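Scroll down for the structure; my scribbles are underneath it.
The values are calculated or read from the model by the stated rules, or taken from the named source; none is laboratory data. As the structure is a prediction and not an experimental result, all values here were calculated from the model. Note: ideal-geometry Cβ built from the backbone for every residue, glycine included; neighbour counts use all protein chains shown.
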Amino acid sequence: MTCGETGVVHTGAVTGAVESREPRELIGVYHADGGLLGELRYVLGKARGTVHCALCDITHGSVRRKPEWDNACAEFGIPIRLVHLNERTAAETDACTLGTPTVLAVYADGSLAPLLGPADLELDGSVQQFFTVVQQALAKQ
């Protein structure tokens with residue numbers, strides 16, 4: 001195949017390394033602050049019905065982290081790190097362009113990109129659905 005008017009002929013073969021778009025890490029960003037005060041604010045807000053975090057519902061039961069979440073993460077091929085709003089780096093904050101909660105993909109070159117936004121995470125707290133949706137989003141890259 002010839003490339004435009006340059007006369008360069010392409011055989012279709014790719015030479016050199018091709019960067020994989022599979023992330024080296026995923027970052028789940030809660031829609032809540034961490035720490036004692038942040039957790040307390042979230043629990044009280046959730047009880048009053050004024051605060052909601054779909055990612056919290058996926059990763060946590062009524063009191064602590066779901067064992068199902070820990071097991072699924074252990075079996076998943078990409079590490080997942082969870083952070084609260086007040087624990088994000090500047091780069092992570094900048095990458096939260098879809099709002100929070102969100103899931104960010106971290107690539108080998110250090111770049112971050114949003115993978116899932118708040119609406120994508122409305123999964124009625126289902127850990128299994130979370131990993132299905134993540135796999136679907138990764139396949140679309």
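Determine whether Asn71 is of a type in the set (S, T, N, Q), more than 21 Å from His52 (Cβ to Cβ) and surrounded by fewer than 19 Cβ atoms within 10 Å (Cβ to Cβ).
Yes, satisfied.
Restricting attention to segment 55-63, does a residue exist that is at pLDDT 95 or above, farther than 22 Å from Pro23 by Cα and part of a loop (DSSP other than H, G, I, E, B)?
No, there is no match, as no residue in segment 55-63 is at pLDDT 95 or above, farther than 22 Å from Pro23 by Cα and part of a loop (DSSP other than H, G, I, E, B).
Regarding Thr50, is this residue surrounded by fewer than 10 Cβ atoms within 10 Å (Cβ to Cβ), part of a loop (DSSP other than H, G, I, E, B) and at pLDDT 85 or above?
yes
If you check Gly16, Gly34, which single one turns out to be of a type in the set (Gly, Ala, Ser), farther than 24 Å from Gln135 by Cα and either surrounded by 14 or more Cβ atoms within 10 Å (Cβ to Cβ) or at pLDDT 90 or above (or both)?
On inspection, the qualifying residue turns out to be Gly34.
Return only the number of the condition from (1) surrounded by 12 or more Cβ atoms within 10 Å (Cβ to Cβ); (2) closer than 23 Å to Val43 by Cβ; (3) in contact (Cβ under 8 Å) with a residue 60 or more places away in the chain; (4) not aliphatic (A, V, I, L, M) that Tyr107 does not satisfy.
(2)
Can you pull out every residue in segment 114-136 that is without any contact (Cβ under 8 Å) to a residue 24 or more places away in the chain and either within 22 Å of Arg88 (Cβ to Cβ) or among the small types (Gly, Ala, Ser) (or both)?
Across segment 114-136, the qualifying residues are Pro114, Leu116, Gly117, Ala119, Asp120, Val133.
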